[in-house]
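Data block below; observations after.
The values are calculated or read from the model by the stated rules, or taken from the named source; none is laboratory data. Computed from a predicted model, the values in this text were never measured in an experiment. So basically every Cβ, Gly included, is an ideal-geometry build from the backbone, and we count neighbours across all protein chains shown.
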Amino acid sequence: MKTEMFSSLKVVHGVAVRSALSLAVSIAVASFAAAPAEALAKTATATKTAKKPVKSTAKAEKPARVAKTALKSPKSVKAAKVAAADDDDDAPRASRKRRVSYRMEPHARRASVHAVAFQPRSPSVGQAFGLHDTPDSLALRSSVAYVVDQNTSETLFDKNSRAVVPIASITKLMTAMVVLDSHMLLTDEITVTDEDRDYEKFTGSRLAVGSVLSREDMLHIALMASENRAAAALSRYYPGGRPAFIAAMNAKAKSLGMTDTHFENSTGLTSQNVSSARDLVKMVNAAYQYPIIRKFSTDRSYEVFTGKRNLAYNSTNALVRNASWDIGLQKTGFINEAGECLVMQANVNGSPVVIVLLDSYGKYSRFADAGRLRSYLGSASRTS
């Protein structure tokens, strides 16, 4: 009787224990299922990133938002820092460490400076007026290209040859002719002064104020290396000064029949010095009659003594150092409004030609265009 009663009590006790365990498991499962998935994700993230447990999941998330904000702009970084500072006293240590690691303001400031420094330059006149949209069979990067036979004046290639555009330092060919036409002594010494600085484009120069060179040396580096202060000083030492020199440049252009051409200074550092490719062929032909211009413009390098130190100059035209080219005269030029420019007299397949390339886009594109034109002339002569 006692044995039967004890067995019954054991059964009842076992059932009660199992029921209690089942109820506890059900409650735990229900609580686990009710927890938001986001809270679990935040808890897991906080566990990975912090060595010690955080008190508040919401506060542990704040540094991540600061990091995203810091990448937007310096101003937004400052605002995020102020908001973070308000919570610093209550924030866990792990959160404070993460806030410090996302102080991005100095980097953001430098990034903004770099963005300004590498912005593309303003469009050239040719680009502004759509000259680059003119198609040509050689896909040239120059918006103006003109090639003529120097002996017969026959046009061999023509792209926008009548367009009047800025010519930059191509100007210096006219500067050289006016200097030589004055018959002033080439041995005379010329001093660079503040008046020879570039106050329009604010370009620099290796020829410091106070440098003293002969007129011949000034002419040499102006033609070969496109030295702007040398060209400016040459015009200032002209009889009657710089205004008389500019007047002589325009008079010379008129005498050569250059009806599309006008000069405002002797360097080309102004968009007001303009011409057309057809006019520039006339100027190249005229300049070619001066042996000293042919020699100085095609030299590869030249060294001058300024009275204080020696300066070694190199040609601005990479093609004069290329043995495959036979160049008799050349001049390069560049300002933003003009683009990359190049004029040359060269022998191509045994025939003298004048090549004019204006408003080319890209530092070396004018030289590549000259190569394309030479190849084109070679293939044309073989097929004719």
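Structure notes:
- If you filter segment 157-190 down to residues that are of a type in the set (S, T, N, Q) and part of a helix (DSSP H, G or I), you find that the one that is nearest to the chain's Cα centre (by Cα) is Ser169.
- Residue list for segment 342-363, filter: under 14 Å from Ala145 (Cα atoms) and among the hydrophobic types (A, V, I, L, M, F, W, C): Leu342, Val343, Met344, Val353, Val354, Ile355, Val356, Leu357, Leu358
- Residue that is nearest to Val343 (Cα to Cα) [pool: residues in segment 124-156 that are in a loop (DSSP other than H, G, I, E, B) and of a type in the set (Ser, Thr, Tyr)]: Ser153
- A single member of Leu329, Leu280, Leu256, Leu319 is over 30 Å from Gly210 (Cα atoms) and without any contact (Cβ under 8 Å) to a residue 40 or more places away in the chain, and it is Leu256.
- Some residue of segment 242-251 being in a loop (DSSP other than H, G, I, E, B) and more than 18 Å from Arg309 (Cβ to Cβ): no
- Residue that is surrounded by the fewest Cβ atoms within 10 Å (Cβ to Cβ), among those in segment 192-206 that are touching a residue at least 40 places away in the same chain (Cβ under 8 Å) and not in a helix (DSSP H, G or I): Thr203
- Residue selected from segment 356-371 under the condition at pLDDT 95 or above and surrounded by fewer than 19 Cβ atoms within 10 Å (Cβ to Cβ), by the criterion nearest to Arg121 (Cα to Cα): Ser365
- Residue match in segment 156-168 (condition: under 17 Å from Phe245 (Cα atoms), of a type in the set (Ser, Thr, Tyr) and buried (at least 16 other Cβ atoms within 10 Å of the Cβ)): no
- Test: residue in segment 249-269 that is surrounded by fewer than 21 Cβ atoms within 10 Å (Cβ to Cβ), modelled with pLDDT of 95 or more and within 29 Å of the chain's Cα centre (by Cα): yes
- Scanning segment 299-319 for residues that are out of contact with any Phe, Trp or Tyr (no Cβ under 6 Å at 6 or more places or on another chain) and either buried (at least 20 other Cβ atoms within 10 Å of the Cβ) or not assigned by TED's automatic domain parsing to the domain that holds Leu357 (or both) yields a count of 3.
Residue by residue, here is whether (1) modelled with pLDDT of 95 or more; (2) farther than 22 Å from Asn310 by Cβ; (3) among the polar types (S, T, N, Q) holds:
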site: Thr152; (1), (2), (3): yes, yes, yes
site: Ile170; (1), (2), (3): yes, yes, no
site: Thr187; (1), (2), (3): yes, no, yes
site: Glu227; (1), (2), (3): yes, no, no
site: Ala231; (1), (2), (3): yes, no, no
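- Test: Lys363 is of a type in the set (Lys, Arg), over 16 Å from Val281 (Cβ atoms) and in contact (Cβ under 8 Å) with a residue 60 or more places away in the chain: no
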